[in-house]
1. Can you tell me which residues in the stretch 1-13 are part of a helix (DSSP H, G or I) and either exposed (fewer than 12 other Cβ atoms within 10 Å of the Cβ) or within 33 Å of the chain's Cα centre (by Cα) (or both)?
2. Please tell me if residue 61 is under 30 Å from the mean Cα position of the chain (by Cα), under 20 Å from residue 128 (Cα atoms), in a helix (DSSP H, G or I) and at pLDDT 80 or above.
3. What helices (runs of 4 or more DSSP H) completely inside the stretch 433-506 contain at least 3 residues that are surrounded by 23 or more Cβ atoms within 10 Å (Cβ to Cβ)?
4. Of 27, 33, 49, which residue is outside the structural domain of residue 114 (by TED's automatic domain parsing) and in contact with a helix residue (DSSP H, G or I) (Cβ under 7 Å, 6 or more places away or on another chain)?
5. Considering (1) closer than 25 Å to residue 277 by Cβ; (2) modelled with pLDDT of 85 or more, say which one residue 149 fails and leave the rest.
6. Given 341, 391, 356, which one is in contact with a helix residue (DSSP H, G or I) (Cβ under 9 Å, 6 or more places away or on another chain), at pLDDT 90 or above and crowded, with 20+ Cβ neighbours inside 10 Å?
7. Which residue, of 215, 257, 269, is at pLDDT below 70 and farther than 29 Å from residue 131 by Cβ?
8. Being out of contact with any strand residue (DSSP E or B) (no Cβ under 7 Å at 6 or more places or on another chain), in a helix (DSSP H, G or I) and closer than 15 Å to residue 129 by Cβ narrows it down to one residue among 23, 48; which is it?
């Protein structure tokens, strides 16, 4: 830690300024926590549990996103001939000696002092602080070990982008949820309910342990202790694995142009997924479709608002339309390959590898897009109790559309604009193209009808139907997706010669 202050003058100045700012931020955060002594139980529990959950998530995600080299990588100690168990215990304890961990210990101690001041048992408050800090430190150790074991040789800007998108899926809905709440001098009921949910998850259980009725439940102690036990077991297993695994040379950094192929698994499905990602993110024919989807969904709102439909109802429409169009987009994905499809057929790629690999790009694009669209729609609607219903409807439309598209793209491909052509220049199509488009759209809506029906009942009658809509939508979407991939795989393998004829003639 002192070695970080060595170097040229500019480096030392930057480090000193950073440390001063960090100390100031830590003092401010500690003062903010201690100032909650006069707040209500709900307010104190909300702040501590939410902040603790966010910090815990940060300790888990930061090593994966940043790809920082771990100075305490167990493989560095392999030359000493130490047995895995003592080494794992010592390295876990040494994880305390870092700047983030020391800041965490200070803030967790402040949280414990807060609960003692509010009448909680000193033992329970200390246990809550210790478990929260230990959970974060072990999560950081486990994440660094996973990154060192599985991701180091695949580290690239593409992989970092995937992790950032995954964080976006979590952060944006939470931000929209918090921004839409009306405080009016007290903690909103929705936020109190969210704290209750976090209190029984590994992220927030330790921090809610001393919160009493305001945040903890009967499962909170079990989850808090169980999380530390499980993380400890995983850490010991990872240390054993690292000490018995030879580190592969990081050759990917020295070779340019691999991109997504360096990130995807070395399997036929992984190669197809990487190639599809390159097309989806660089081919303007795909890019135009991605841009058009949210615009088209928003344009449908305008005539409804002009016609006098209440805004709270219209706000729920764009998200399902986006899900439907995203699920429909790959229904002719094979045609966009043009003659490149010969690689799949000539190498005897299994149909399942082709079907699954082609769905990876739309999943990586569609899930973040829906993760933003759904909470924004609920925020405009105003009733967060409708969130499960909207999630169920969108999941059904999206996943069912992907399953049916997996069949359509192999069974009835039709001509599209060629590589390099304008996406608005479309060749003449036969009726089979219109039929394929219609069947995928109508089939996705039909498969989603149970979720749509229960969602309508939740909107117009009793909000308790929202849970039924959620589970019905997820179940229907997953079932249609699995069946669609299976049927599409069989069709792809049987129609290989015809697909080549189509590619050569279109």
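The values are calculated or read from the model by the stated rules, or taken from the named source; none is laboratory data. What you see is a predicted model, and the numbers here were worked out from it, not measured in a lab. So basically every Cβ, Gly included, is an ideal-geometry build from the backbone, and we count neighbours across all protein chains shown.
1. Residues satisfying the conditions are 2, 3, 5, 9, 10, 13.
2. Details: under 30 Å from the mean Cα position of the chain (by Cα): yes; under 20 Å from residue 128 (Cα atoms): no; in a helix (DSSP H, G or I): yes; at pLDDT 80 or above: yes.
When the stated conditions are applied, residue 61 does not pass them.
3. Of the helices (runs of 4 or more DSSP H) lying wholly inside the stretch 433-506, those with at least 3 residues that are surrounded by 23 or more Cβ atoms within 10 Å (Cβ to Cβ) span 449-460, 465-494.
4. On inspection, the qualifying residue turns out to be 33.
5. Failed condition: (2).
6. On the way: 341 fails: at pLDDT 90 or above; 356 fails: at pLDDT 90 or above.
Selected residue: 391, the only one of 341, 391, 356 that is in contact with a helix residue (DSSP H, G or I) (Cβ under 9 Å, 6 or more places away or on another chain), at pLDDT 90 or above and crowded, with 20+ Cβ neighbours inside 10 Å.
7. Details: 215 fails: farther than 29 Å from residue 131 by Cβ; 269 fails: at pLDDT below 70.
Only one candidate passes the filter, namely 257.
8. Matching residue, one of 23, 48: 48.
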